[in-house]
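Novice: The structure that follows is given in the form of structure tokens.
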Amino acid sequence: MASGRVVVVGSLNVDATSYVERFPAPGETIVGRDFGTALGGKGANQAVAAHLAGADVEFVARVGDDANATLARSVLAGFGLAIDGVVGVADAPTGVAQITVADSGENTIVVTSGANLALTPGVLDDVRASLADAAVVLTQGELPVATIERLAELCASLGVRFVLNLAPPVVVSPDALAVCDPLVVNEHEARAVGIGRDVPEGAPLEDWLSHAAAAVGRVARSVVVTLGAAGAVAASPVGAWAEPAPEVAVVDTTGAGDAFTGTLAAFLAEGRTLAESMRIAVAAGALAVQARGTVDSYAPRAAVLAAALDDETRRAEGATPA
Ligand code: RIB
């Protein structure tokens, strides 16, 4: 199948990650086991995931004029992504994320946006031709709200598929949510936009299906709710689907949602259905949690497709996952 163009208008951070046994309590100092500095930001992570999944990716981002910008550009270029859309601004540092990853694989993240805030609505005028030529335009909640809303409006007027990962769950206008196809949210973000408010924490996938379906046309054109280790559900005007995740040994969940979303966008861009794209994206997310870091934990297209096929076969055979 032909690869489609995915334009990611997104955030870029440098992640400073401490690996700890457990998270510190307020006021407490603890000693970390390990530390690493790496490319991050939901936009950059999703751009890399979409690229690894086979999409022709254009990444539009803003960085500072500093050493972190050099690091970020060099990692992106190392993956084979074009970096001309990653523009430096003079008056702000590159975005940074302070992350702790506990032995459980869970994380805490504090983002200081820096140059990401220079991605204002005006920037979109400069990339209008690229947007018009995209199969999918993808963005995240880490950008200024006015930019997300303008991007949604532009995509609607250009007739281009708009995918919004509302992470973190900032408040965007109902009009912007309405054109999302899909709106990608985790369970907390889903509740923030009025999807599944009554569904208890940790409820099974099936409990989310009707809520995702009820949000189609009410909140967004289509909806995907990611449910961590449980998998994900999707709903569109033609149906609703649940995709369980395989049982895997979790090392680090940081950026696994971005692996999911970037992969989803790539497969939608090449013309796969929402259900099939979600199935493959669940496999990409499950691979990503099995290694440390964000983009360094992402698997290439062939490995993701093989894992998705394995998961499907295991389910068809009714076998217990290894
Ligand atoms: O989703 C993970 C990402 O969130 C990290 O890379 C961090 O930079 C924050 O944006």
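Novice: Can you name the condition, by its number, that Ala203 falls short on among (1) surrounded by 15 or more Cβ atoms within 10 Å (Cβ to Cβ); (2) part of a helix (DSSP H, G or I)?
Specialist: With respect to (1) surrounded by 15 or more Cβ atoms within 10 Å (Cβ to Cβ); (2) part of a helix (DSSP H, G or I), Ala203 is out only on (2).
Novice: Another question, then. Here is a check on your reading of the model: is Val14 within 13 Å of the ligand (Cβ to nearest atom), part of a strand (DSSP E or B), at pLDDT 95 or above and surrounded by 21 or more Cβ atoms within 10 Å (Cβ to Cβ)? Outline the logic, then answer.
Specialist: Working: within 13 Å of the ligand (Cβ to nearest atom): yes; part of a strand (DSSP E or B): yes; at pLDDT 95 or above: yes; surrounded by 21 or more Cβ atoms within 10 Å (Cβ to Cβ): yes.
It is true that Val14 is within 13 Å of the ligand (Cβ to nearest atom), part of a strand (DSSP E or B), at pLDDT 95 or above and surrounded by 21 or more Cβ atoms within 10 Å (Cβ to Cβ).
Novice: A further question follows. Which of the residues belonging to the range 224-257 are acidic (Asp, Glu) and closer than 25 Å to Glu21 by Cβ? Before the answer, list the steps.
Specialist: Pass one, the range 224-257, residues acidic (Asp, Glu): 243, 247, 252.
Glu247, Asp252 - these are the residues of the range 224-257 that are acidic (Asp, Glu) and closer than 25 Å to Glu21 by Cβ.
Novice: Which of the residues belonging to the range 228-259 are outside any helix (DSSP H, G or I), hydrophobic (A, V, I, L, M, F, W, C) and within 16 Å of the ligand (Cβ to nearest atom)?
Specialist: Selection gives Ala232, Val250, Val251.
Novice: Counting only residues that are of a type in the set (Val, Ile, Thr) and either within 16 Å of the ligand (Cβ to nearest atom) or modelled with pLDDT under 95 (or both), how many does the range 61-84 have? Outline the logic, then answer.
Specialist: Pass one, the range 61-84, residues of a type in the set (Val, Ile, Thr): 63, 70, 75, 83.
Imposing the further condition that a residue be either within 16 Å of the ligand (Cβ to nearest atom) or modelled with pLDDT under 95 (or both) reduces the set to 63, 75.
Of the residues in the range 61-84, 2 are of a type in the set (Val, Ile, Thr) and either within 16 Å of the ligand (Cβ to nearest atom) or modelled with pLDDT under 95 (or both).
Novice: Can you pull out every residue in the range 260-276 that is surrounded by fewer than 24 Cβ atoms within 10 Å (Cβ to Cβ) and part of a helix (DSSP H, G or I)?
Specialist: Across the range 260-276, the qualifying residues are Leu274, Ala275, Glu276.
Novice: Being aliphatic (A, V, I, L, M), within 18 Å of the chain's Cα centre (by Cα) and closer than 17 Å to Ser277 by Cβ is the requirement here; does Val233 meet it? Break it down into steps so the answer makes sense when it comes.
Specialist: Numbers: aliphatic (A, V, I, L, M): yes; within 18 Å of the chain's Cα centre (by Cα): yes; closer than 17 Å to Ser277 by Cβ: yes.
Answer is yes for this residue.
Novice: Restricting attention to the range 85-99, and to residues there that are part of a loop (DSSP other than H, G, I, E, B) and either hydrophobic (A, V, I, L, M, F, W, C) or touching a Pro at 6+ places or on another chain (Cβ under 7 Å) (or both), which single residue is nearest to the ligand (Cβ to nearest atom)? If you could, list the steps in order and put the result at the bottom.
Specialist: Of the range 85-99, the ones part of a loop (DSSP other than H, G, I, E, B) are 85, 89-94.
Next, only the ones that are either hydrophobic (A, V, I, L, M, F, W, C) or touching a Pro at 6+ places or on another chain (Cβ under 7 Å) (or both) stay: 89-90, 92.
Numbers: Val89: 18, Ala90: 22, Ala92: 16 Å.
Among those that are part of a loop (DSSP other than H, G, I, E, B) and either hydrophobic (A, V, I, L, M, F, W, C) or touching a Pro at 6+ places or on another chain (Cβ under 7 Å) (or both), it is Ala92.
Novice: Can you pull out the residues in the range 166-180 that are surrounded by 22 or more Cβ atoms within 10 Å (Cβ to Cβ) and either in a strand (DSSP E or B) or within 16 Å of the ligand (Cβ to nearest atom) (or both)?
Specialist: Once the filter is applied, which keeps residues that are surrounded by 22 or more Cβ atoms within 10 Å (Cβ to Cβ) and either in a strand (DSSP E or B) or within 16 Å of the ligand (Cβ to nearest atom) (or both), the range 166-180 yields Leu166, Cys180.
Novice: Quick check, is Val57 of a type in the set (A, V, I, L, M, F, W, C) and either surrounded by fewer than 18 Cβ atoms within 10 Å (Cβ to Cβ) or part of a strand (DSSP E or B) (or both)?
Specialist: Against the criterion (of a type in the set (A, V, I, L, M, F, W, C) and either surrounded by fewer than 18 Cβ atoms within 10 Å (Cβ to Cβ) or part of a strand (DSSP E or B) (or both)), Val57 qualifies.
Novice: Could you figure out which of (1) in contact (Cβ under 8 Å) with a residue 40 or more places away in the chain; (2) surrounded by fewer than 24 Cβ atoms within 10 Å (Cβ to Cβ) isn't true of Val145?
Specialist: (1)
Novice: Given the criterion of a type in the set (D, E, K, R) and within 16 Å of the ligand (Cβ to nearest atom), identify the matching residue among Arg292, Arg314. Quick ask: steps written out before the conclusion?
Specialist: Numbers: Arg314 fails: within 16 Å of the ligand (Cβ to nearest atom).
The unique qualifying residue is Arg292.
Novice: For residues that are assigned to a strand (DSSP E or B) and more than 14 Å from Val86 (Cα to Cα), scanning just the range 34-52, find the one that is nearest to the ligand (Cβ to nearest atom). Walk me through it before giving the result.
Specialist: From the range 34-52, those assigned to a strand (DSSP E or B) are 34-40; that's our starting set.
Those left that are additionally more than 14 Å from Val86 (Cα to Cα): 34-38.
On the way: Asp34: 17, Phe35: 15, Gly36: 12, Thr37: 11, Ala38: 8 Å.
If we take residues in the range 34-52 being assigned to a strand (DSSP E or B) and more than 14 Å from Val86 (Cα to Cα), then Ala38 is nearest to the ligand (Cβ to nearest atom).
Novice: A further question follows. Which residue is farthest from Thr17 (Cα to Cα), if the candidates are limited to the range 102-151 and must be polar (S, T, N, Q) and outside any loop (DSSP other than H, G, I, E, B)?
Specialist: Taking the candidates together, the pick is Ser130.
Novice: Any chance the range 139-152 includes a residue that's of a type outside the set (Lys, Arg) and more than 17 Å from Ser11 (Cβ to Cβ)?
Specialist: no
Novice: Oh, and also: For Arg22, work out the one condition from (1) within 16 Å of the ligand (Cβ to nearest atom); (2) of a type in the set (Lys, Arg); (3) surrounded by fewer than 19 Cβ atoms within 10 Å (Cβ to Cβ) it doesn't fulfil.
Specialist: (1)
Novice: Something else now. If you go through the range 1-53 one residue at a time, how many are farther than 26 Å from Gly78 by Cβ and among the polar types (S, T, N, Q)?
Specialist: Of the residues in the range 1-53, the ones farther than 26 Å from Gly78 by Cβ are 1, 20-33.
Going one step further and asking which of them are among the polar types (S, T, N, Q), we end up with 29.
Total meeting the criteria: 1.
The values are calculated or read from the model by the stated rules, or taken from the named source; none is laboratory data. Because the structure is a prediction, the values reported are computed rather than measured. Cβ: placed from backbone, ideal geometry, glycine included. Neighbour counts: every protein chain shown.
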